[in-house]
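Presented below is the structure to which this report refers.
The values are calculated or read from the model by the stated rules, or taken from the named source; none is laboratory data. The structure displayed is predicted, hence computed values, not measured ones. Note: ideal-geometry Cβ built from the backbone for every residue, glycine included; neighbour counts use all protein chains shown. For accessibility, only protein heavy atoms count, side chains too; no ligands or nucleic acids. Shrake-Rupley method; radii C 1.70, N 1.55, O 1.52, S 1.80 Å.
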2 protein chains.
Amino acid sequence: MSLIAVGSIAFDSIRTPHGSAERVLGGAATYFALAASHFSPVGVVGVVGDDFGAEHERVFTERGIDIAGIERAPGKSFFWAGEYEKNPNIRHTLTTELNVFASFAPKLPPAYIDSKFLFLGNIDPELQCRVADQMPAAKFVGGDTMNYWIAQQPDQVRQFLARVDLLMINDAEAMQLTGEVNLTRAARAVLGMGPRALVIKRGEHGASLYTGTGVFGAPGYPLEEVCDPTGAGDSFAGGLMGYLASCDAVDDAALRRAVIYGSVLGSFACERFGVERLVQLRRAEVDQRYREFVALTRFDA
Amino acid sequence: MSLIAVGSIAFDSIRTPHGSAERVLGGAATYFALAASHFSPVGVVGVVGDDFGAEHERVFTERGIDIAGIERAPGKSFFWAGEYEKNPNIRHTLTTELNVFASFAPKLPPAYIDSKFLFLGNIDPELQCRVADQMPAAKFVGGDTMNYWIAQQPDQVRQFLARVDLLMINDAEAMQLTGEVNLTRAARAVLGMGPRALVIKRGEHGASLYTGTGVFGAPGYPLEEVCDPTGAGDSFAGGLMGYLASCDAVDDAALRRAVIYGSVLGSFACERFGVERLVQLRRAEVDQRYREFVALTRFDA
């Protein structure tokens, strides 16, 4: 396996002004893996309950995703319910039931251990570190975290940051993590905490990549309709890491292309409810949208 | 004159976490003209009071700006006082005194009438239309407006929109003007109101250009320190229109380059209090930062 992803596998109930979906397959690792699967073989480490059936397994396996790392536990899977306002940047969580996820202790199948690329999705930073411990030979570790962990477990988040090569967080999280309101200074502070690269996700405004050698700014894709933004950030991460794994490169030029592929996958994820669009997506559509990003950003030097 | 700008000339008292400045020269037309002057001859149409002295005149004339269109009226100049929070995106207006600006009736010197490029700064949309009436031969009209006019004089704003080739507004104004929360749809709606091009300014997140043939997304310049964001949007507009006037072109490729030059001037404006940085700026610095934008945005096709 060239890429391993650890994170939540969930069922989501989603309401947006465009409609609603009840208990559809979701979770950060699900979106990540589906997005990454358009580029590279990927294995998933997560936990599900009795409600995760063969039809849910097939969503992964039909995209060639390895599910040997998906543990089954008695009880129900992680459940999340949320509602988006007319402005899709504003979302309200209605329900969060951790269920089997509450006692998640990630265990990597032996076949995963030698993988070169690892993505530590947004879970308890202590667990993220334990997973990294199990893959000492990983060449490139990407990671995500969130406001809850930054506030509640700052020391563990610091240890996690020392383990990741690339951190992907949103603008508010970058400010919270560093205490800086200026994103450029926040980025520099994050790079001082361990990661050699940082992506700040700015939602519809795009994403920025910061490394020791410079900054790269990518605009958001001009979607006319955001059907459901759930999982857009995880799909961004999946597209980005999947692309890096596919070309086995992590230099600045590869990271820049990867940010665009991440933006492509994140934009597709918003076009339908849940994982629907990622499942239907064809590689030709991915490449077409990448070319649209070229057209979207080019100007004469 | 190749470019004429109409708008406010003011004195500003500004407080930011980096310091404060008392009654320094400001106003939209001032920032615009200083930014544009790095590219093209520019004339200013505005009104000032008795407090506008020879030293203020020199700020314009030393940059080669034509001030024949600056009317002097008895009383005081427009005065604005404001304060920025640690996050420079949050600003509080402390005082607005219209003074001589309250009865501003823009009159164009005869030498201005044949100018090809016109910028209608953010003033009463009825006045904006009257200025456009005085320059029927203008090849390209840029314009700005704000939430106040959109809410208070929607019909006049519509008439103004029918007169401009390029509208430059921020994201919140685009949503307010169209009732659309999605910026891509908002942009399409604005293009349906008259302008053949629209720039949506997204502050630190950059700017987007929408025309009939496509979208162009430019990132924000990664400033590590925003000393004073006053006038950044007007400087953006000045850099953009000044560049267009300098090359006498308004095709899509020129508009894209112009958005970058606008971003360059907007970023410089934030580096010092008031107009200080725009006054000191050298063309070589402008060109250097343009090249930095190239580096900031390039990725392999």
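Quick rundown of the values:
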| read-out | value |
| --- | --- |
| Output for the range B:175-202, where each listed residue is within 22 Å of B:A36 (Cα to Cα) and at the interface with another protein chain (Cβ under 9 Å from one of its Cβ atoms) | B:R202 |
| Conditions (1) outside any loop (DSSP other than H, G, I, E, B); (2) open to solvent by 40 Å² or more (accessible area, probe 1.4 Å): number failed by A:N89 | (1) |
| In the range B:253-281, the residues that are β-branched (V, I, T) and part of a loop (DSSP other than H, G, I, E, B) | B:V275 |
| Exclusive hit being among the small types (G, A, S), at pLDDT 95 or above and more than 28 Å from A:Q159 (Cα to Cα), set A:G27, A:G64, A:G69, A:G43 | A:G64 |
| Any hit, the range B:157-175, residues being in contact with a helix residue (DSSP H, G or I) (Cβ under 8 Å, 6 or more places away or on another chain) and without any contact (Cβ under 8 Å) to a residue 12 or more places away in the chain | yes |
| When residues of the range B:41-68 are limited to those that are in contact with an Asp or Glu (Cβ under 9 Å, 6 or more places away or on another chain) and open to solvent by less than 10 Å² (accessible area, probe 1.4 Å), the one nearest to B:Q280 (Cα to Cα) | B:F60 |
| Candidate set from the range A:186-230 (those that are in a loop (DSSP other than H, G, I, E, B) and among the small types (G, A, S)); member that is surrounded by the most Cβ atoms within 10 Å (Cβ to Cβ) | A:G206 |
| Residue match in the range A:75-86 (condition: modelled with pLDDT of 95 or more, of a type in the set (S, T, Y) and not in a strand (DSSP E or B)) | yes |
| Test: residue in the range A:40-58 that is of a type in the set (A, V, I, L, M, F, W, C), over 22 Å from A:Q134 (Cβ atoms) and under 18 Å from the mean Cα position of the chain (by Cα) | no |
| Total residues in the range A:204-230, condition facing chain B (nearest Cβ under 9 Å) and not hydrophobic (A, V, I, L, M, F, W, C) | 13 |
| Residue in the range A:151-171 that is within 14 Å of another protein chain (Cβ to nearest Cβ) and open to solvent by 20 Å² or more (accessible area, probe 1.4 Å) present | yes |
| Residue match in the range A:291-298 (condition: assigned to a loop (DSSP other than H, G, I, E, B) and within 11 Å of chain B (Cβ to nearest Cβ)) | yes |
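For (1) surrounded by 17 or more Cβ atoms within 10 Å (Cβ to Cβ); (2) away from chain A (no Cβ under 14 Å), each residue gets a yes or a no:
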| residue | (1), (2) |
| --- | --- |
| B:I70 | yes, yes |
| B:Y84 | yes, no |
| B:T95 | no, yes |
| B:L98 | no, yes |
| B:K107 | no, yes |
| B:P110 | no, yes |
| B:F117 | yes, yes |
| B:M135 | yes, yes |
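Conditions (1) open to solvent by 10 Å² or more (accessible area, probe 1.4 Å); (2) under 15 Å from the mean Cα position of the chain (by Cα); (3) within 13 Å of chain A (Cβ to nearest Cβ); (4) modelled with pLDDT under 95, marked per residue:
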residue	(1), (2), (3), (4)
B:A232	yes, yes, no, no
B:Y243	yes, yes, yes, no
B:R256	yes, no, yes, no
B:C270	yes, yes, yes, no
B:V275	yes, yes, no, no
B:A301	yes, no, yes, yes
